[in-house]
Amino acid sequence: MKTLSSRYRQAHKEAKWAIALALAYFAWWYGFAYGLAPEGIEQTPPTLYFGLPLWFLLSCVIGPILFTLLCALMVKFLYKDMPLDIEEEASDE
């Protein structure tokens, strides 16, 4: 990362990926928490997996684990280490 503009491009790319991952996590959580949750109390008791209802297991246990791993992969492969000191752009004078 030699120029300031290339660092800004990289920072914007990293920010877009971070926002996309956060929105994907919210969609995952909302979809499983409200999509699979039982609608009424008169229903039969839900089937339990590891002692938890499926909607809770997917939205509150599996989701955070999955998205933590995705975040780690994103940092490892998409983020770049760059210096914070300012270097002047080369000018053609």
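Taking amide H atoms as placed 1.01 Å from N in the peptide plane, the amide H of Leu78 has no partner under 5 Å among residues 5 or more positions away or on other chains.
Across segment 3-9, rounded Karplus estimates of 3J(HN,Hα) from the backbone phi angles (6.51 cos²θ - 1.76 cosθ + 1.60, θ = phi - 60°) give 9, 5, 5, 5, 5, 5, 4 Hz, Gly and Pro being marked x. Counting only protein heavy atoms and using a 1.4 Å probe, the accessible area of Lys13 comes to about 80 Å². Approximating the spin labels as points 7 Å out from Cα along Cα→Cβ, the Cys60-to-Thr3 distance works out to 5.1 nm.
The values are calculated or read from the model by the stated rules, or taken from the named source; none is laboratory data. Every value quoted in this text rests on a predicted model; they were computed, and no experiment measured them. Ideal geometry is used to build each Cβ from the backbone, glycine not excepted, and the neighbour counts take in all protein chains shown. Just the protein is used for accessible areas: all its heavy atoms, side chains included, with ligands, DNA and RNA removed. Shrake-Rupley method; radii C 1.70, N 1.55, O 1.52, S 1.80 Å.
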